[in-house]
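Okay, so here's the structure we're looking at.
Rule-based calculations on the coordinates, nothing more; no lab input. This one's a predicted model, so the numbers in the text were calculated from it and none came from an experiment. Note that we place each Cβ from the backbone using ideal geometry, even for glycine, and neighbour counts take in every protein chain shown.
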Amino acid sequence: MTGKEAPIGIFDSGIGGLTVFREVYRNLPNENIVYFGDTARVPYGSKSPETVLRYSRQIVHFLKTCGVKAIVVACNTASALALDVLEQEVDLPVLGVVKPGAAVACEMTKNRKIGLIATESTVKSGLYERLIRGIDPADTVYSKACPLLVPLVEEGWTEDPITLEVIKRYLGGLLEKDIDTLILGCTHYPLLRGLIRKYLGDSVSLVNPAYETARTLERMLDELDLKNPSAAEPVYRFYASDSTDGIRRIAERILPDCMDFSVQAVSIEEY
Ligand code: DGL
């Protein structure tokens, strides 16, 4: 497949990026997609910028061997720590999830108080805050790293009372700051939307960067005249650097229309 029919490459540190895959395949139903989850080296959220950049470069090399026409960095942590370098190095359009998420949060907030929940590395990078304040210096961003939420989602406890208790513990401080908008700044958090909404109520708007990224990707493909016009059945290919079980488990839950789901293992250190 070449040109407009070439696939879009989406990568993440593991299974969470399937929330981005879901929005992309819903929004761009003609597109062929290659998904890579770095299940051997997850989590990225506690790793250094140097390590996350090295991993991201290897994955980009792998995706290029799959002939992708554009790359979506589905991982918030990799978007925060590696995207600016990838954009300079890669001769393909590259899109991350942080910019689209930050832009929509600025549009949504009325009282200019925005909450961010993300991994430790994303929070530490300060990128969401810089982008938001670059759009509107009147905005204040209150950030909270929530490392326990990733394993709870991977365990499948997305509706569990224990997870709700953890959410209360993490988000209590943000509620006290009177935020009216909360960015779900990690691939896994959209799967906790129900519990987060239960705790925060309706007065706080939730921003899912995955949703905004899919829309930005569509605009980008339109502008570059890269959208696939073919109405043929799209092809989805899934790869992982280690265990393929988690990807299959989450895919069965959130991508029920993706039939014949199979995941191939890749030795990513070779790229
Ligand atoms: N995919 C990561 C993110 O969105 C979460 C999991 C990890 O720490 O690798 O930041």
**OP:** With +1 on each Lys and Arg Cβ and -1 on each Asp and Glu Cβ, and nothing else charged, work out how big the dipole of the stretch 140-271 is about its Cα centre, in Debye to the nearest 20.
**Re:** 440
**OP:** Just subtract the alpha-carbon distance of GLU165 and ALA232 from 0.36 nm times their residue separation and send over the number in nm, one decimal.
**Re:** 19.5 nm
Original post:
Using 0.36 nm per residue, how much length does the chain from ASP257 to LEU148 gain when fully extended, once their Cα-Cα distance is taken away?
Top reply: 36.3 nm
Subject >> Ratio Rg/Rh, restricted to the chain and using Cα atoms, in which Rh is the Kirkwood radius >> reply: 0.95
Subject >> the stretch 215-271, relative contact order in percent, only Cα pairs under 8 angstrom and at least six apart counted >> reply: 37
**OP:** Take the stretch 101-193, compute every pairwise Cα distance, and split them into 5 Å bins from 0; I just need the percent in each bin.
**Re:** 3, 15, 25, 24, 18, 10, 4, 1
**OP:** Answer with one residue from ASN208, PRO190, LEU175: the one whose Cα lies farthest towards the positive end of the charge dipole of the stretch 174-222, charges on Cβ with Lys, Arg +1 and Asp, Glu -1.
**Re:** PRO190
**OP:** Would you list, by chain and number, the aspartates and glutamates whose Cα falls below 18 Å from the Cα of LYS110, excluding same-chain residues fewer than 8 positions away?
**Re:** GLU129, ASP136, ASP139, GLU176, ASP178, ASP180, ASP202
Original post:
For LYS110 and TYR199, FRET efficiency with R0 = 22 Å and r from the beta-carbon atoms, rounded to 0.05?
Top reply: 0.60
**OP:** Rank by packing, highest mean first: peptides 242-248, 224-230, 144-150, with packing defined as the count of other Cβ atoms within 10 Å averaged across residues.
**Re:** 144-150, 242-248, 224-230
**OP:** Return the subset of LYS4/LYS64; LYS99/LYS124; LYS69/LYS227; LYS124/LYS144; LYS64/LYS99 for which the Cα-Cα distance in this structure is over 18 Å, preserving the input order.
**Re:** LYS64/LYS99
Subject >> Rounded to 10°, Cα long-axis angle of helix 18-27 versus longest principal axis of the chain >> reply: 70
Original post:
ILE135 to LYS64: extension gain in nm, 0.36 nm per residue of separation minus the Cα-Cα distance?
Top reply: 22.3 nm
Subject >> Order by protection proxy (mean Cβ within 10 Å, highest first), peptides 74-83, 179-188 >> reply: 74-83, 179-188
**OP:** Starting from the exponent 0.38 and prefactor 2.2 Å, build the expected Rg for the stretch 148-271 from its residue count and divide its actual Cα Rg by it.
**Re:** 1.32
Subject >> Distance between the stretch 46-112 and the stretch 122-156 - C-alpha centres, whole angstrom >> reply: 15
Original post:
Using the beta-carbon distance between SER243 and LEU92 and R0 = 25 Å, what value does 1/(1 + (r/R0)^6) give for FRET efficiency, to the nearest 0.05?
Top reply: 0.35
Original post:
How high is the relative contact order of the stretch 9-89, in percent, counting Cα pairs under 8 Å that sit 6 or more residues apart?
Top reply: 43
